[in-house]
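These notes are about the structure you will find just below.
Throughout, read-outs are computed from the coordinates displayed, never taken from laboratory work. This structure is a prediction, so every number in the text was calculated from the model and none was measured. FYI the Cβ positions are ideal-geometry reconstructions off the backbone, even for glycines, and counts take in every protein chain you see.
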2 protein chains.
Amino acid sequence: MKSYSIKELLNKQPIGDSVEINGWVKTFRSNRFIALNDGSTIHNLQCVVDFENFNENLLKQITTGAALKINGILVESQGRGQSVEIQATDVFVHGTADSETYPIQPKKHSLEFLREKAHLRVRTNTFSAVMRVRSALAFAIHSYFQQNGFYYMHAPIITGSDAEGAGEMFRVTTLDTKKPPLNDNGEVDYTQDFFGKETNLTVSGQLEAETYAMGLGKVYTFGPTFRAENSNTSRHLAEFWMIEPEMAFYDLDANMDLSENFIKWVLQYVLDNCKDDLEFLEKRLLDEEKSKPQHERSEMALIEKLRFVVDNNFKRVSYTEAIDILKNSKPNKKKKFQFPVNEWGVDLQSEHERFLVEKHFKCPVILFDYPAKIKAFYMRLNEDKKTVRAMDVLFPQIGEIAGGSQREERLEILQQKINELDIDEKELWWYLDLRRFGTAVHSGFGLGFERLVQFSTGMGNIRDVIPYPRTPQNAEF
Amino acid sequence: MKSYSIKELLNKQPIGDSVEINGWVKTFRSNRFIALNDGSTIHNLQCVVDFENFNENLLKQITTGAALKINGILVESQGRGQSVEIQATDVFVHGTADSETYPIQPKKHSLEFLREKAHLRVRTNTFSAVMRVRSALAFAIHSYFQQNGFYYMHAPIITGSDAEGAGEMFRVTTLDTKKPPLNDNGEVDYTQDFFGKETNLTVSGQLEAETYAMGLGKVYTFGPTFRAENSNTSRHLAEFWMIEPEMAFYDLDANMDLSENFIKWVLQYVLDNCKDDLEFLEKRLLDEEKSKPQHERSEMALIEKLRFVVDNNFKRVSYTEAIDILKNSKPNKKKKFQFPVNEWGVDLQSEHERFLVEKHFKCPVILFDYPAKIKAFYMRLNEDKKTVRAMDVLFPQIGEIAGGSQREERLEILQQKINELDIDEKELWWYLDLRRFGTAVHSGFGLGFERLVQFSTGMGNIRDVIPYPRTPQNAEF
C-alpha cells in the first residue's frame with residue numbers, strides 16, 4: 001500500500017488504488033465524512049467511514065485536530081466539493097485532540113487570538129496558506145538569483161561594527177548582566193566579553209555583501225536582520241528577513257532593471273505555483289473587507305494586485321519630478337495629505353508613495369536621485385552635489401517595497417561623507433579598502449522579505465506572515 | 001556591444017563578436033597579456049593589449065587587483081592554457097590597486113594571513129571557489145526540499161526559551177550594560193528589557209520546526225544558530241548555519257532514508273554544477289598535503305571522496321553493534337584510540353566514528369538506537385527503556401555530519417523525561433501542546449552547513465568556509 005501526501009493524491013488521482021494517508025481532522029460530519037488535511041495543500045481529502053464497521057470508541061476519537069492514519073480505496077466522489085475521496089477500510093488514531101481544550105476549533109478565530117497560539121496557528125487554513133506562499137517566495141528568490149549568475153552570501157549576524165546606522169541595535173553579550181566587569185575608567189570592560197569587544201545583531205548585510213560583490217561579481221544575501229526599535233505597529237518587527245543583492249559593475253540604471261525584473265519574476269513564480277493558496281487568501285481578504293467601509297477596502301483583489309505588478313512596466317521618476325507632481329496634486333492642494341508636500345528635500349511618506357502609484361501613474365514606480373541629506377552615507381553623490389543615486393521601488397498599498405542605490409565608489413568623497421557624519425574611519429577600514437583596491441561602479445538594493453510576503457498574501461499585519469514574530473515585549477516560543 | 005560575464009563568454013564563445021567584460025586583474029605579463037577575473041568562474045579570461053596602441057600611463061595602472069572594463073574582439077587563442085581570448089581595443093580603469101599596499105599579490109598567501117583580510121580574501125582563487133561551492137550547496141539544499149514537498153520555515157533567531165540545552169547561549173539585550181535595572185529582589189529586572197524577559201540567540205530551530213511539521217507535514221529550516229562556547233578549534237564557530245528538516249508521520253527508518261537520499265542528492269548537485277571549482281580545490285588540497293607526512297594525507301582526493309558518499313549505500317548499524325565492533329577492533333586492543341572503548345554507554349568520539357567509516361565498513365554509516373543517557377530529552381524512548389531512536393550520520397574524515405531522531409510523541413513519557421532533567425514544564429508548554437493535540441510519530445535531523453561545505457571543498461579549518469567567521473575574541477568586519 002502506497003503512502004501519499006494529499007497534494008500528490010489530488011494531482012495523480014490513482015482511482016481504484018489502495019492508498020494510505022496521514023493527516024489531521026478538520027471536520028467529522030454525520031459520523032461518516034472525515035475532512036483530512038496534512039498541510040501539503042489547502043485542500044482537504046474526504047475520507048468516508050462506514051460507521052457500522054468501526055468501533056464506536058474509535059469513532060469518538062475522530063474530532064477536529066486529531067491525527068489519523070487512514071487506509072482505503074481512492075474512488076471518484078459522489079458528493080459535491082471534491083473529485084475524489086477515500087473509502088476508508090482502516091483508521092488508526094495517532095493522537096487525539098480533546099474538543100474541550102484544543103484551541104483550534106472549526107470556527108472563525110481572530111488573528112489576535114491565533115497570535116497567542118502561534119505554535120498551533122499553522123494548522124488553520126489561513127496560516128498554512130500564508131506559510132506555503134512564504135516558502136515558495138523564498139525559493140523563488142533563490143532560484144532567480146542562482147539562474148542569473150548570482151552567488152548566495154551569508155553576511156554575519158553578530159557584528160562588531162555599528163557604522164551603518166540603519167537603526168537601534170541589540171547587544172549580544174556573555175558578560176555577567178548584574179555585575180559586568182569594569183575597566184580602569186569605570187566603564188564596562190568589553191575586552192572580557194566573548195568577542196573581546198562590544199557586539200550587536202546586524203541591521204543589514206549590505207556592507208559585507210559589497211566586499212563579496214567586489215570579488216565574486218554578483219552576490220545576494222538572504223538572512224535575518226534586527227532593529228531594536230520600540231515600534232509597536234502592524235508594519236514593524238524586531239527580527240525580520242532581508243534580501244540584499246549587490247552587483248559589481250552595475251550602475252543605477254542596471255540596478256533599477258534588476259529590481260523590476262527580479263520582483264516580477266518572483267511574483268510570477270508565486271502566481272504559477274501557489275494558485276490554490278492565493279485563491280483561498282484572495283477570498284479570505286474579500287470576506288474580511290466586507291465588514292469595512294467602502295473607502296477602506298482594497299481597490300484590487302489579491303491576484304489582480306499581483307498581476308498589476310507583473311504586467312506593468314515600472315515607471316521611473318526622479319525625486320524632483322515626483323515632488324512637483326505631489327506639490328501640484330489635488331490631495332496636497334486640498335490638504336488631504338497628513339504630511340503636506342511644500343518643498344524639495346522633504347522625505348516622502350507612504351501616503352505620497354501610494355498616491356504616485358495608485359492614483360497618478362497607476363503602475364509600480366521607481367523613484368530615483370533623492371536628496372543626499374535624507375539618504376545613507378554610502379550612496380553615490382551626483383554631479384549636482386545635492387542628490388544621490390538612490391532608488392526606491394514603490395508598490396500599491398504598501399509604498400516602499402525595496403530601496404537601494406549605486407554605491408559611492410570614490411574613496412575621497414566617501415571619506416568626506418563619513419567625516420561629516422562623525423563616523424570613525426577606523427570602524428570602516430575594510431569598507432574603505434574596497435575603494436582603495438580595485439574600486440568600481442557597483443550597486444545593490446534591499447528588500448524586506450516580510451513586506452513581500454504581506455503583499456503576496458494580503459495579510460494586513462506583519463506579525464501574521466512570520467512563524468514567530470518578535471516585537472517589543474514579545475518573544476514567546 | 002554586449003557585456004558578458006567571463007563564465008558566459010567561456011560557455012558561449014561568440015568568436016568574432018565585439019564584447020565588453022569587466023573584472024579584476026589577476027596578472028599582467030609582458031605588458032601584453034592581462035589575466036582578468038570577474039568572480040563568475042575560477043577561470044580567467046586572457047585579454048591581449050597591443051601595448052604600442054595604448055597610453056603608457058594607462059598600462060602602468062594595470063596591476064594585480066585593478067578593476068578594468070575591456071572592450072575587444074573575442075578570438076580563438078593562439079597561446080596555451082585557454083581556448084579563447086580578447087583582442088582588446090579599449091581598456092578603461094575603474095580603479096587601481098597599488099602594488100605596494102594591496103595585500104592580495106599573485107603569490108601564495110597563508111590561510112591565517114587571509115583570515116585577517118577576510119574582506120579581500122574572496123578575490124583569491126581558493127576563497128572564490130569555496131564560496132561558489134558554498135552558494136551551490138545552499139541552493140541544492142533548498143532545491144531538494146522544495147522538490148520533495150517540504151516547506152521552508154524560518155525559526156526565530158531571538159528566543160525566550162532556553163530549554164533545549166544544546167549549548168551555552170548569547171544573551172540579547174537592550175538594557176543598560178553598566179547599570180542594569182534591578183527588581184525588588186536585587187536581581188536584574190528583565191521585565192524592563194526589550195522583550196520583557198531574558199532572551200538569547202537560538203541554538204537550534206528544531207522545537208519550533210516541530211510545531212510547523214505538525215501543521216504543514218514536512219518542513220525544513222535553514223538559518224543561523226549560535227553557541228557561546230569558548231572552543232578555539234578548527235571545527236567550531238560561535239555563529240554557524242544549520243539545516244533542520246522535520247517531518248510528521250516519519251519514523252526513524254524514514255528519517256534515515258531521507259538523510260541518505262538528501263545528502264547524496266546535494267553532493268551530486270555540486271559534482272554536476274561545480275566541476276571547475278572542485279577540480280581546482282582538489283588540486284589545492286593535493287598541493288597542500290604534499291608537505292605533510294604520508295599518514296596525515298587524505299586517503300581519497302576531493303572528488304573521489306564526494307563520489308564515495310554518492311555511490312555507496314550508507315550502512316545502518318545500531319550503537320550496540322558498533323560498540324561490539326569497536327571493542328574488538330585492532331586499534332582498541334592495541335590501545336591506539338585516544339579514548340578506549342570498554343563498555344556500552346560511552347559516547348563515541350570522532351576517532352571511533354572515522355574507524356567505522358574508513359576502516360571497518362568502508363562506506364558512510366548511520367548509527368542508531370543510542371543510549372538514552374547520552375542523547376537529548378526529546379528523542380523517542382525504545383521498548384528497552386535504555387536506548388532512544390537517535391541516529392548519527394558518519395562520514396569519512398569528519399565523523400558526524402548529521403544527527404537526528406524520531407521524536408518522543410507520547411506526552412507522559414516526555415513529561416517524565418523533562419521532570420527528570422529538572423526542566424521547567426512551563427518553559428515548554430507549547431512544545432508539550434504538540435503531544436496534547438493531534439500528536440503523531442515524527443522525526444527530523446540537523447546538519448551543520450559549514451561541516452558540509454568543509455567536506456565538499458576539502459578546507460581543513462571551518463573559519464575558511466564562511467565569509468566572516470565568529471569565534472572567541474573575534475568579530476571583526
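How would the protein assembly as shown be classified by its alpha-carbon gyration tensor: rounded, prolate or oblate, with rounded meaning a/c under 1.5 and the a/b versus b/c comparison settling the rest?
Details: a/c = 1.55, a/b = 1.20, b/c = 1.29.
Taking the square roots of the gyration eigenvalues as a ≥ b ≥ c, the protein assembly as shown is oblate.
Among A:458, A:447, A:432, which residue has its Cα positioned farthest towards the positive end of the charge dipole of the range A:421-469, with +1 placed on the Cβ of Lys and Arg, -1 on the Cβ of Asp and Glu, and the dipole taken about the Cα centre?
Value computed over the given set: A:458.
Using only the Cα atoms of the range A:2-105, each taken as one equal point scatterer with no solvent, compute I(q) by the Debye sum, divide by I(0), and report log10 of the ratio at q = 0.12, 0.13, 0.17 Å⁻¹.
Debye intensities relative to I(0), on a log10 scale: -0.34, -0.41, -0.70.
Quick one: which residues, 5 or more positions from residue B:66 or on another chain, have an amide H under 5 Å from its amide H? H modelled 1.01 Å from N in the peptide plane, none for Pro or chain starts.
Counting only residues 5 or more places away or on other chains, the set is B:25, B:97.
Against the longest alpha carbon principal axis of chain A, how many degrees, from 0 to 90 and to the nearest 10, is the axis of helix A:252-273 turned?
That helix lies at roughly 0 degrees to the long axis.
Rounded to the nearest 20 Debye, what is the dipole magnitude of the range A:1-145 about its Cα centre when Lys and Arg each give +1 and Asp and Glu each give -1 at the C-beta?
The dipole magnitude comes to about 640 debye.
Among B:429, A:241, A:265, B:24, what is the fewest-to-most ranking by other Cβ atoms within 10 Å?
Fewest-to-most ranking of B:429, A:241, A:265, B:24: B:429, A:265, A:241, B:24.
Hey, can you grab everything whose amide H is under 5 Å from the amide H of residue A:242? Only 5+ residues off in sequence or another chain; H modelled, so Pro and N-termini drop out.
Residues meeting the criterion, in which the H sits 1.01 Å from N, are A:223, A:225, A:449.
Can you give me the relative contact order of the range A:82-217 as a percent, contacts being Cα pairs under 8 Å and 6 or more apart? Kindly include the intermediate steps, with their values, before the conclusion.
Working: 85 pairs, mean separation 27.0, N = 136.
The normalised contact order for the range A:82-217 reaches 20 percent.
Going Cα to Cα from residue B:179, which lysines come in below 23 Å? Please leave out same-chain ones fewer than 8 positions away.
Qualifying lysines at Cα under 23 Å: A:178, A:179, A:197, B:197.
From Cα pairs below 8 angstrom and at least 6 apart in sequence, can you work out the relative contact order of the range B:409-477, rounded to a whole percent? Spell out each step's value before the answer.
Numbers: 30 pairs, mean separation 15.4, N = 69.
It comes to 22 percent, rounded to a whole number.
About its Cα centre, how strong a charge dipole does the protein assembly as shown have in debye, to the nearest 20, once Lys and Arg get +1 and Asp and Glu get -1 at the Cβ?
The calculation lands at about 1100 debye.
Fewest Cβ neighbours within 10 Å first, please rank B:218, B:60 accordingly.
Fewest-to-most ranking of B:218, B:60: B:60, B:218.
Counting only residues 5 or more places away or on other chains, whose amide H sits under 5 Å from the amide H of residue A:89 once H atoms are built in the peptide plane?
Answer set, sorted by chain and number: A:71, A:72, A:73.
For A:43, B:119, which order do you get if you count the other beta carbons within 10 Å of each Cβ and list the fewest first?
A:43, B:119
What are the ³J(HN,Hα) couplings of the range B:128-133, residue after residue, when phi is run through the Karplus curve with 6.51, -1.76, 1.60 and θ = phi - 60°? Round to Hz, x for glycine and proline.
Running phi through 6.51 cos²θ - 1.76 cosθ + 1.60 with θ = phi - 60° gives 5, 5, 4, 6, 5, 5 Hz.
If each label sits 7 angstrom from Cα along the C-beta direction, how far apart, in nm, is residue B:339 from its counterparts in the other copies?
The projected label point of residue B:339 is separated from its counterparts by 5.9 nm.
State, as an integer percentage, the relative contact order of the range B:2-105 based on alpha-carbon contacts under 8 Å between residues 6 or more apart. Don't skip to the end; give the middle numbers.
Working: 222 pairs, mean separation 28.6, N = 104.
The normalised contact order for the range B:2-105 reaches 27 percent.
Restricting the count to DSSP beta bridges whose residues both fall in the protein assembly as shown, what percent are antiparallel, rounded to a multiple of 5?
DSSP beta bridges in the protein assembly as shown are roughly 85 percent antiparallel.
Once phi is turned into ³J(HN,Hα) by the Karplus curve 6.51 cos²θ - 1.76 cosθ + 1.60 with θ = phi - 60°, what whole-Hz value does each residue of the range A:357-373 show in order, with x for glycine and proline?
With coefficients 6.51, -1.76 and 1.60, one gets 6, 7, 9, 7, 8, 6, 6, x, 10, 10, 8, 9, 6, 7, x, 4, 5 Hz.
Convert each backbone phi in the range A:146-156 into a coupling constant with the Karplus relation 6.51 cos²θ - 1.76 cosθ + 1.60 (shift: θ = phi - 60°), then list the ³J(HN,Hα) values in order as whole Hz, x for Gly and Pro.
5, 6, 10, x, 8, 10, 6, 10, 8, 6, x
To the nearest 500 deg cm²/dmol, what mean residue ellipticity at 222 nm is calculated for chain B from DSSP H runs of n ≥ 4 alone, each contributing -39,500 (n - 2.57), summed and divided by the residues?
Values: 14 runs with 145 residues, N = 477.
Helix contribution divided over all residues of chain B: -9000 deg cm²/dmol.
Roughly how large, in nm² to one decimal, is the mean projection of the convex hull of the alpha-carbon atoms in chain A?
28.8 nm²
Roughly how tilted is helix A:275-290, in degrees to the nearest 10 and between 0 and 90, from the longest Cα axis of chain A?
Roughly 80 degrees between the two axes.
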